[in-house]
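Read-outs: derived from the displayed coordinates by stated rules, not from any lab. Computed from a predicted model, the values in this text were never measured in an experiment. Backbone-built Cβ (ideal geometry, glycine too); neighbour counts: all protein chains shown.
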């Protein structure tokens with residue numbers, strides 16, 4: 001009978017444990033944040049944000065859901081126009097970004113990984129594949145995750161915002177940041 005020697009067993013155990021992070025159940029910790037920057041002519045810069053987002057860990061994907069009515073730019077009239085006229089948040093209440101778990105490289109303890117992965121963005125009743133750049137840093141059983149993507153609203157049937165002749169130039173930069181804890 002051929003038995004493995006103890007010094008050969010350790011590497012096998014380490015290899016077996018490697019995918020554990022990729023299959024471990026994860027739970028988002030508050031606070032999380034989504035922000036966006038839209039640019040236009042003559043130095044027009046519109047910044048918005050919300051800390052009201054959910055991250056769901058499914059067996060096949062990490063899913064970030066943003067309630068669109070919670071996005072704020074700091075100017076209530078602009079928020080009203082954004083939510084009612086452009087995003088139509090009553091009809092389409094959420095934006096949802098799903099990234100396949102097997103596309104994400106989960107870092108080892110004390111390490112950082114980053115990459116660009118395809119994701120599915122559901123917005124305004126349409127779904128499109130978009131590239132998402134992410135950076136994940138692991139500390140203990142926690143992953144500090146930051147991601148960014150560019151969104152061209154025209155691809156989702158959303159009119160380009162225009163007010164008093166100032167038109168936002170697509171695409172809009174979107175950033176998310178959250179911490180995931182292994183359960």
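Only residues that are within 24 Å of residue 104 (Cβ to Cβ) and touching a helix residue (DSSP H, G or I) at 6+ places or on another chain (Cβ under 9 Å) were counted across region 39-78, and they come to 10. Looking at this structure, is residue 77 farther than 24 Å from residue 29 by Cβ, over 17 Å from the mean Cα position of the chain (by Cα) and free of Cβ contacts under 8 Å to residues at least 12 places away in the same chain? It is true that residue 77 is farther than 24 Å from residue 29 by Cβ, over 17 Å from the mean Cα position of the chain (by Cα) and free of Cβ contacts under 8 Å to residues at least 12 places away in the same chain. Residues of region 89-115 that are in a loop (DSSP other than H, G, I, E, B) and either within 13 Å of the chain's Cα centre (by Cα) or surrounded by fewer than 17 Cβ atoms within 10 Å (Cβ to Cβ) (or both): 90, 91, 93, 104, 105, 108, 109, 110, 111.
Could you grab me the full set of residues in region 163-178 that are over 30 Å from residue 27 (Cβ atoms) and either in a strand (DSSP E or B) or in contact with a strand residue (DSSP E or B) (Cβ under 7 Å, 6 or more places away or on another chain) (or both)? Outline the logic, then answer.
We begin by selecting, within region 163-178, every residue over 30 Å from residue 27 (Cβ atoms); these are 163-171.
Of everything in region 163-178, those that are over 30 Å from residue 27 (Cβ atoms) and either in a strand (DSSP E or B) or in contact with a strand residue (DSSP E or B) (Cβ under 7 Å, 6 or more places away or on another chain) (or both) turn out to be 163, 166, 167, 168, 169, 170, 171.
Contact map, region 148-159: residues that are within 20 Å of residue 35 (Cβ to Cβ) paired with residues that are in a helix (DSSP H, G or I), Cβ distance under 6 Å, separation 6+ or inter-chain. Pairs shown: 158/86.
When the residues of region 118-162 are filtered to those that are within 14 Å of residue 97 (Cβ to Cβ) and out of contact with any strand residue (DSSP E or B) (no Cβ under 7 Å at 6 or more places or on another chain), the one that is surrounded by the fewest Cβ atoms within 10 Å (Cβ to Cβ) is 126.
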